[in-house]
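Read the figures in this text as sums done on the coordinates, not as results from a lab. From a predicted model like this one, the values you see are computed outputs, not experimental measurements. With ideal geometry, Cβ positions are generated from the backbone for all residues, glycine too; neighbour counts draw on all protein chains shown.
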């Protein structure tokens with residue numbers, strides 16, 4: 001993904017030319033994206049590439065939502081912020097502080113489902129305390145000040161803390177908040193609340209069609225999720241679906257039939273999350289190397305073919321020189337406030353409930369992981385840090 005994939009002939013549709021300022025804003029943004037004016041020179045080439053990828057992704061999202069003038073203002077503001085945020089991060093890096101563009105915050109370990117293979121269950125973090133609303137809000141505000149562009153809200157089931165998500169999003173209107181949810185708590189009222197915050201992007205978890213989704217998530221879940229999608233669509237919410245992509249469901253979840261069905265119910269973002277085993281008995285679900293390469297090709301093709309946004313996580317690691325965890329591209333915050341390399345690697349030497357984010361980002365663990373490239377390379381699939389967990393634990397203990 002790069003800025004050259006944006007069609008140079010794109011012009012905003014007639015429906016959105018209701019206010020001259022909005023039309024001009026979108027047109028100017030498209031020109032800036034095409035000419036790479038948002039890309040900030042970076043001392044680290046991989047972070048420069050990731051900055052460019054974020055801009056490209058947000059830019060394509062703006063084009064998708066461009067027919068709805070209500071969504072346009074938030075998208076424009078978020079994209080404009082990316083330029084400023086990248087500059088802030090660059091300044092910090094010159095001072096020796098690595099600030100990632102993306103932060104993932106798992107705000108709770110509570111969940112109303114018990115899906116097999118859930119990473120939160122594998123973390124064995126149930127029963128641990130959650131950050132208070134005050135601490136959580138402070139962490140988000142600090143992240144914004146430091147130049148974080150996107151804050152991904154995860155769980156457990158994050159919508160159990162719906163009001164706090166809304167408060168954080170309203171207090172930070174230029175931050176994009178993708179919320180990864182199982183969708184079971186989305187009713188008419190929740191859909192209306194989310195619609196009032198245009199910088200929240202719900203991302204609902206599916207496993208493909210009904211058989212696979214119900215097998216992992218529970219009988220009848222699939223139909224309830226389709227209903228939740230229709231509610232969000234009726235309220236004009238820009239939302240998507242997240243698919244845990246395994247060796248076994250790969251063909252179904254990457255099929256055009258599945259994509260078209262989800263687009264029909266309103267999904268405009270597709271996030272393919274590669275399965276990460278949290279126990280030895282699930283190793284067989286990891287994508288093969290052929291599937292991993294094919295997934296990147298499919299994502300690239302679908303971004304051109306469909307009026308939707310397709311994203312892979314962790315993405316093309318070869319393209320980024322290894323996993324983007326540990327602050328190279330993103331970090332993770334656990335429900336109790338531990339600052340960790342990623343959601344699948346529950347290792348930490350800093351807690352945000354007791355120290356500022358700026359100090360926690362200077363973590364010896366994160367710094368050591370970035371300094372040892374082999375810790376972020378995994379050739380067989382799965383998670384590089386879990387593969388090297390003995391060494392990670394030695395670093396923490398040392």
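Pulled fully out, how much extra length does the chain show between residue 255 and residue 187, if you take 0.36 nm times their separation in residues and subtract their Cα-Cα distance? Show your work: numbers first, answer last.
Working: separation 68, 0.36 × 68 = 24.48 nm, distance 2.85 nm.
This chain segment gains 21.6 nm when fully extended.
Between residue 112 and residue 247, what is 0.36 nm times their sequence separation minus the Cα-Cα distance? Round to one decimal in nm.
Numbers: separation 135, 0.36 × 135 = 48.60 nm, distance 2.65 nm.
Contour length minus the Cα-Cα distance gives 46.0 nm.
Bins of 5 Å, beginning at zero and ending with the bin holding the largest distance: percent of Cα pairs per bin for region 228-274, please.
5, 23, 28, 22, 14, 6, 2, 0
For residue 351 and residue 170, what is the calculated FRET efficiency with R₀ set at 41 Å and r taken between the beta-carbons, to the nearest 0.05? Could you put the intermediate results ahead of the total?
Details: r = 27 Å, r/R0 = 0.65.
For R0 = 41 Å, the calculated efficiency reads 0.95.
So, in nm, how far is label residue 95 from label residue 372 when the simple model puts each one 7 Å beyond its Cα toward the Cβ?
Once both label points are built, they end up 2.9 nm from each other.
Which FRET efficiency, nearest 0.05, do residue 300 and residue 84 yield, Cβ-Cβ r, R0 25 Å? Provide the component values of the computation, followed by the final result.
Details: r = 29 Å, r/R0 = 1.15.
Here the calculated transfer efficiency is 0.30.
Please arrange 232, 391 by counting, for each residue, the other beta carbons lying within 10 Å of its beta carbon, fewest first. Working shown, then result.
Values: 232 23, 391 15.
Result, fewest neighbours first: 391, 232.
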